[in-house]
Amino acid sequence: MPVLAAQQSSGFGSVPMLIIIAVLFGGLIYMQVRARKRMAAKQAAMVSDLAIGSKVVMISGLKGTVAGVSKDEVEVEIAPGVISTFVTKAIGSIENPSNAADDIAVDRTNQTPGDDIIGSGKSDPESPITEN
């Protein structure tokens, strides 16, 4: 009776597969640890940039202005006269005042209804769009 070649293996066929799985598993763990370190460094840099008056967005989406900063906590004014205390890890981002639409002052004293409609030609006298 002939013996098949697959039955003659000495059991070392699974060792390379185990090595590949171990290397892949180790690589995944390394990538996760590296990502966490990067996120922790980013959070620490953001917290070090906090100053009273900074506009922040909490991880819950709550927006406010920093009223006080300590080592592990930050006091945020979420409404006029309403100050809440949060841990610094709850800060999602610091808003850039130059990009905030709330801080842009627009003179609307000489506007009439419809001035902001695109193509009306009323909003900018030097606009290349003319009325037909």
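Points to keep in mind about this one:
- Pro16 vs. criteria surrounded by fewer than 13 Cβ atoms within 10 Å (Cβ to Cβ), part of a helix (DSSP H, G or I) and at pLDDT below 90: yes
- Screening segment 68-85 for residues that are more than 22 Å from the chain's Cα centre (by Cα) and within 20 Å of Ala45 (Cα to Cα) and picking the one that is surrounded by the most Cβ atoms within 10 Å (Cβ to Cβ) gives Gly68.
- Of the set (1) touching a helix residue (DSSP H, G or I) at 6+ places or on another chain (Cβ under 6 Å); (2) at pLDDT below 85; (3) among the aliphatic types (A, V, I, L, M), all apply to Met1 but (1).
Let's see how each residue does on (1) modelled with pLDDT of 90 or more; (2) of a type in the set (Asp, Glu):
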position: Ser10; (1), (2): no, no
position: Ile20; (1), (2): yes, no
position: Ser70; (1), (2): no, no
position: Glu73; (1), (2): yes, yes
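The values are calculated or read from the model by the stated rules, or taken from the named source; none is laboratory data. Bear in mind the structure is a predicted one, so any value in this text is a computation, not a measurement. Cβ sites come from the backbone with ideal geometry, for glycine too, and all protein chains shown count toward neighbours.
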